[in-house]
Amino acid sequence: QVQVAESGGDLVQPGGSLRLSCEASSLTDHVYAIAWLRQALGKKREAVSCMSLEDGTRRYGYAVKGRFAMSRGSAEHTVYLQMNYLKPHDTAVYYCAAATAVACYSDYVPLDYGMNYWGQGTLVTVSS
């Protein structure tokens with residue numbers, strides 16, 4: 001069982017920046033990778049990014065590549081999502097998710113593959 005918690009959502013102006021935080025921990029399972037996903041109102045879920053906790057490899061969805069970046073915190077199983085040059089279309093509930101099997105290991109595998117444990121989400125609103 002993995003406990004996942006994300007935070008940092010806020011109201012931001014277009015062109016602004018925001019950093020989301022995620023903690024994924026377990027006393028019984030090994031967390032191999034962490035991903036960020038988002039879902040805008042009335043739209044389907046979209047995979048944003050993922051990071052392998054084994055080697056630090058990061059992968060990003062086409063819509064956010066070059067604007068968003070994941071990084072690791074000093075605490076074990078803590079990651080951040082730095083979001084820059086935010087656009088109104090980035091408005092969504094952002095979820096952090098964790099995998100207890102090898103994940104985020106290939107460009108040919110969906111970024112959210114194997115992400116079975118989700119947080120409750122944090123709302124990011126980009127508007128003037």
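The values are calculated or read from the model by the stated rules, or taken from the named source; none is laboratory data. A quick note: this is a predicted structure, and the numbers were derived from the prediction, not measured. Neighbour counts are summed over all protein chains in view; Cβ atoms, including those assigned to glycine, are modelled from backbone coordinates with ideal geometry. Just so you know, the surface numbers come from the protein's heavy atoms only, side chains and all, with ligands and any DNA or RNA stripped out. Shrake-Rupley method; radii C 1.70, N 1.55, O 1.52, S 1.80 Å.
Some points to look at:
- In the stretch 59-79, the qualifying residues are those that are touching a residue at least 40 places away in the same chain (Cβ under 8 Å) and under 22 Å from Q3 (Cα atoms), and the one that is most open to solvent (accessible area, probe 1.4 Å) is E76.
- Just one residue in the set R58, R45, R38 is over 12 Å from the mean Cα position of the chain (by Cα) and not aromatic (F, W, Y); that residue is R45.
- Flag set for Y117, criterion: touching a strand residue (DSSP E or B) at 6+ places or on another chain (Cβ under 7 Å) and in contact (Cβ under 8 Å) with a residue 40 or more places away in the chain.
Residue-by-condition table, conditions (1) hydroxyl-bearing (S, T, Y); (2) within 21 Å of A5 (Cβ to Cβ):
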site: I34; (1), (2): no, yes
site: L41; (1), (2): no, no
site: G56; (1), (2): no, no
site: L81; (1), (2): no, yes
site: T91; (1), (2): yes, no
site: V102; (1), (2): no, no
site: V109; (1), (2): no, no
site: G119; (1), (2): no, yes
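- Set Q120, Q82: member being under 15 Å from S49 (Cβ atoms), at pLDDT 95 or above and of a type outside the set (D, E, K, R): Q82
- Residue that is least open to solvent (accessible area, probe 1.4 Å), among those in the stretch 2-34 that are of a type in the set (S, T, Y) and part of a strand (DSSP E or B): S21
- Top-ranked residue of the stretch 85-108 - restricted to ones that are farther than 16 Å from A47 by Cβ and part of a loop (DSSP other than H, G, I, E, B), ranked as least open to solvent (accessible area, probe 1.4 Å): L86
- Check on L111, under 15 Å from A33 (Cα atoms) and assigned to a loop (DSSP other than H, G, I, E, B): yes
- Enumeration of residues in the stretch 114-128 that are of a type outside the set (S, T, Y), open to solvent by 80 Å² or more (accessible area, probe 1.4 Å) and assigned to a loop (DSSP other than H, G, I, E, B): N116, Q120
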